[in-house]
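Trainee: One structure is given below, represented as structure tokens, and several questions about it will come after.
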Amino acid sequence: MDIQTLKLNFERDGFIYLPGFLDQQEIGEIREKLDRFIIEKSDQLPSSHIKYESKEDPTTLKMIQDMHLYESFFADILFNSTFTKLAEDLLEEEVIGKTVEYFNKPPKIGKATPPHQDGYYFMLKPISAVTMWMALEEVDAENGWVSYVRGSHKLGMRHHAYTNTLGFSQGIPDFGIVADLEKEVFFKVKPGDLLVHHALTIHRANPNTSESRTRKALGLIYFGTSAEEDVAAKAAYVKALNQTDS
């Protein structure tokens, strides 16, 4: 699909789906680097950058944030890659790579991701930002697939409230109205498939109800250079978030 069609779809829906964005060799390299990163560096990371479903059990690793700060491989992905170029094309401006994150939902205990808009966390004006979600393994309804509400990025910021969900402390409490459910689209994906959404697009993910399957993915966030961040408000929010999650 050409970039102009992708931009039209992104503007219309607030998200795009790119199957096979990376090939299996590229995904294999990312998974190898990620596995090594977890083994060698997870015990060195500050608690604000790594989260477990159960702190006493390292097999319940849920999230690693800002991996680009600790490993050049992930910095290259964030700052100088096809992901970077795609973000620039979609936002129609130069971008600033903000973070590379690892997400997992461990079998049986991986909780649902509450419906939310990333822009609520980002605190930008204007809200020129995209989030990318790269599948590292097969994901479906059983182990935590992602869904988007088509066109929700055009309707502004919905009210958010505390959710008590580790790593996703804010969600949309009135989600589930007819307008949400009629336009919700779920994605069954394979390793190498990429989902990209606007910072105002409402999205969520199922819990992992599988007995044995994990649900691993890589996340990247880009801000357009036109977006100004409320640094003080963001710092206060992150501090409160980490205190809540601790």
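Trainee: Tell me the strands (runs of 3 or more DSSP E) entirely within segment 81-171 that contain at least 2 residues that are over 15 Å from R204 (Cα atoms).
Mentor: By residue number, 95-104, 129-135.
Trainee: Tell me, which residue of segment 146-165 that is of a type in the set (A, V, I, L, M) and surrounded by 15 or more Cβ atoms within 10 Å (Cβ to Cβ) is nearest to N104 (Cα to Cα)? Explain how you work it out, then say what you get.
Mentor: Start the filter on segment 146-165 by keeping residues that are of a type in the set (A, V, I, L, M), which leaves 146, 149, 155, 157, 161.
Next, from what is left, pick out any that are surrounded by 15 or more Cβ atoms within 10 Å (Cβ to Cβ): 146, 149.
Values: V146: 12, V149: 22 Å.
Result: V146.
Trainee: Please enumerate the residues belonging to segment 187-228 that are surrounded by 16 or more Cβ atoms within 10 Å (Cβ to Cβ) and among the charged types (D, E, K, R).
Mentor: Matches in segment 187-228: D193, R204, R213, R215, K216.
Trainee: Please work out if E94 is touching a Gly at 6+ places or on another chain (Cβ under 9 Å), loosely packed, with under 14 Cβ neighbours inside 10 Å, within 22 Å of D2 (Cα to Cα) and not hydroxyl-bearing (S, T, Y).
Mentor: Judged against the criteria, E94 is a match.
Trainee: Hey, any hits in segment 114-132 for a residue that's within 27 Å of F175 (Cβ to Cβ), hydroxyl-bearing (S, T, Y), at pLDDT below 95 and buried (at least 17 other Cβ atoms within 10 Å of the Cβ)? It would help to see each step written out before you state the result.
Mentor: So the first thing to find is which residues in segment 114-132 are within 27 Å of F175 (Cβ to Cβ), and the list is 114-132.
Next, from what is left, pick out any that are hydroxyl-bearing (S, T, Y): 120-121, 128, 131.
Those still in the list that are at pLDDT below 95 too: 120-121.
Filter once more, so that each one left must be buried (at least 17 other Cβ atoms within 10 Å of the Cβ): 120-121.
Yes, because at least one residue in segment 114-132 is within 27 Å of F175 (Cβ to Cβ), hydroxyl-bearing (S, T, Y), at pLDDT below 95 and buried (at least 17 other Cβ atoms within 10 Å of the Cβ).
Trainee: Hand me the list of strands (runs of 3 or more DSSP E) wholly inside segment 177-231 holding 1 or more residues that are in contact (Cβ under 8 Å) with a residue 24 or more places away in the chain and among the β-branched types (V, I, T).
Mentor: Because the criterion is at least 1 residues that are in contact (Cβ under 8 Å) with a residue 24 or more places away in the chain and among the β-branched types (V, I, T), the strands (runs of 3 or more DSSP E) in segment 177-231 that meet it are 184-187, 194-198, 216-224.
Trainee: Being in contact (Cβ under 8 Å) with a residue 24 or more places away in the chain, assigned to a helix (DSSP H, G or I) and either surrounded by 18 or more Cβ atoms within 10 Å (Cβ to Cβ) or of a type in the set (V, I, T) (or both) is the filter here, so list the residues in segment 5-51 that pass it.
Mentor: Of everything in segment 5-51, those that are in contact (Cβ under 8 Å) with a residue 24 or more places away in the chain, assigned to a helix (DSSP H, G or I) and either surrounded by 18 or more Cβ atoms within 10 Å (Cβ to Cβ) or of a type in the set (V, I, T) (or both) turn out to be F10, D13, I27, I30, L34, F37, I38.
The values are calculated or read from the model by the stated rules, or taken from the named source; none is laboratory data. From a predicted model like this one, the values you see are computed outputs, not experimental measurements. Glycine also receives a Cβ, built like all others from the backbone with ideal geometry; neighbour counts cover every protein chain displayed.
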